[in-house]
1. Could you check how many residues of region 418-439 are touching a helix residue (DSSP H, G or I) at 6+ places or on another chain (Cβ under 8 Å), surrounded by fewer than 22 Cβ atoms within 10 Å (Cβ to Cβ) and under 23 Å from residue 245 (Cα atoms)?
2. In the set 451, 469, which member is within 27 Å of residue 407 (Cβ to Cβ), at pLDDT below 90 and either in contact with a strand residue (DSSP E or B) (Cβ under 9 Å, 6 or more places away or on another chain) or buried (at least 21 other Cβ atoms within 10 Å of the Cβ) (or both)?
3. So, residue 652, is that one closer than 21 Å to residue 591 by Cβ and either loosely packed, with under 12 Cβ neighbours inside 10 Å or modelled with pLDDT of 90 or more (or both) or not?
4. What are the residue pairs meeting all of these: first residue in region 252-271, first residue at positive phi, second residue modelled with pLDDT of 95 or more and surrounded by fewer than 21 Cβ atoms within 10 Å (Cβ to Cβ), Cβ atoms under 7 Å, and 6 or more apart or on different chains?
5. Scan region 521-555 for residues that are in contact with a helix residue (DSSP H, G or I) (Cβ under 7 Å, 6 or more places away or on another chain) and touching a residue at least 60 places away in the same chain (Cβ under 8 Å) and report the count.
6. Tell me, please, whether a residue that is in a loop (DSSP other than H, G, I, E, B) and touching a helix residue (DSSP H, G or I) at 6+ places or on another chain (Cβ under 8 Å) can be found in region 402-417.
7. Just checking, which of 238, 225, 248, 214 is out of contact with any strand residue (DSSP E or B) (no Cβ under 8 Å at 6 or more places or on another chain), surrounded by fewer than 17 Cβ atoms within 10 Å (Cβ to Cβ), touching a residue at least 60 places away in the same chain (Cβ under 8 Å) and not in a loop (DSSP other than H, G, I, E, B)?
8. Return yes when residue 151 is in contact (Cβ under 8 Å) with a residue 40 or more places away in the chain, more than 28 Å from residue 207 (Cβ to Cβ) and either under 38 Å from the mean Cα position of the chain (by Cα) or part of a loop (DSSP other than H, G, I, E, B) (or both) and no when it is not.
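The values are calculated or read from the model by the stated rules, or taken from the named source; none is laboratory data. What you see is a predicted model, and the numbers here were worked out from it, not measured in a lab. Quick reminder, even Gly has a Cβ in these numbers, built from the backbone with ideal geometry, and neighbours come from all protein chains shown.
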């Protein structure tokens, strides 16, 4: 009632003139007292028409504010049905600012990244705008609305990196690509400034502004620095294909400094190891082989066509050669083969012995025809198999390595094409040292191929790539020493400022990142000992006992640095041996009891088992005996580990070998125990029913599979770490571009 009287007072005040303000104030007070006295007589107040209109406007504003709050909340949660209901009910609700930044519902949806929500919203907006066009309202599109910063929805998509949302908006309205905000920046420059490389690549390919954006980036030093950071971020995220596109767009990012090549050296993938290459074939090679086989078959078919033979008889094959070359895109070598085939055919008419070439071509034709479908099926099977998780991981690793290699070659090409003084580009110095620390031998190979002088690069401590490889346990880089021949004597006599030789360097504890590549502290210590033994063979004998300026021999440095690792290795060995010895003891008890308690009983007169002629019983007896012997062996081996002295040198061969024997014996004993149990269950309970045998075998495979899955990888790691060779002249250096003879002149 007070609000209505306040509105009535405002209405009466507007009607009266300004000159009678004081009189009106007095009369207003009198009327208020009168209204208070007559409240009971006149309970209903009749408000003026103007007051009613204002009341209606305020109520509508309140409803709109409440509706905007609900719309904002539903948009933030991505609830399209609720948003659709609000937009349908409210007039121009999609154009209303929903927060203090004047962001509309489209701005919020793009910023949060509700892409399905965005698709529905854009369809709704499109339908509504089409109906508005029919009514000739002539309003701007909702997609062109701006927030407080002058940003459209595409600007927001560029800022947050919503590439999918950017695609939706550009497909609806391409004019958004050239729209400027209050900072005179297009969405492309916004994506660039915020280092959203995926969105930037898309907007770059979609924008057609006659090179204005490229000039704006290339001519601004600050933006070039941002571009370098953008490229480094793409490489650090291992998006090498995106980084390659950025390098092609802006080569100056590579030559600005060495940050790009440093990022490649830090993140370059290792690729597939030897075992993974056996499992996973290179699909690109298979596809190339399929194409080659198809072209070969087609070539032979053309060669044996009647028209081809007539051309050879007429000695006028020029037209056919041109057609044949254009059809198959063959090279000069294949043209020579064509001539050879042609003249061998002519010679065959005179000398029948030369028909052997025709037989050869027919055999090649048959082999290609038979193998072609197999290769094609093999290729399709692998394409399907890569959809599964384990093989999919291998496919991703292979793809990642290929993309990284392509990016590395592209970056090095841009560096070589740029102008520089000196024998090689200075941007190679630090990256080759970083690659040596990271064991990125492919990066080292590429740099040495282009700049052999870079092998002389040193860090602030005077260490080059070989010495850094020793410090950081980069065995692939260290093996380069076997490629440089007799020039490696330089490293045998190396000493740093503290009079440390290369054995002192290997005595330092490796980084935690390198140690964590091994399973357990025992294998970590074993790898450290293997490095020390390798360097002992490499240096001159006198250097093994040589002291540094701190009066420490290499062995003393190694013991001091690795004393905690020795304790952790001892603890790991004992814990593993204790757990496995308990399991071995239980298996021994079970199978021994099963051996003396023969299932089915014995013949009383002779003591011979009743089921002695049953094949399942024979399997039981053999499996039980094997399980007993192997479990006993495992138990004794693990006990020998528990009673070992755990000296530093024992972790090199002795203790890991015992652990391998114990694990293998335990694996065999567990498997044969389950086989023995399955055989006796089949004899006693299954009444010779074959279908029961299948059920028992299936159930028996479950614990065996679990044990193999969980423990077999550890056995493989132990075997490879103990008996595998990581040092020496390796083949991976032979597969790449670097020529060792190019650097031998730098070792004198």
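1. Adding up the residues that qualify gives 1.
2. Values: 469 fails: at pLDDT below 90.
Within the list 451, 469, the selection yields 451.
3. Working: closer than 21 Å to residue 591 by Cβ: no; either loosely packed, with under 12 Cβ neighbours inside 10 Å or modelled with pLDDT of 90 or more (or both): yes.
In short, no.
4. Close Cβ pairs satisfying both conditions: none exist.
5. So the count comes out to 8.
6. No.
7. 248
8. On the way: in contact (Cβ under 8 Å) with a residue 40 or more places away in the chain: yes; more than 28 Å from residue 207 (Cβ to Cβ): no; either under 38 Å from the mean Cα position of the chain (by Cα) or part of a loop (DSSP other than H, G, I, E, B) (or both): yes.
No, not satisfied.
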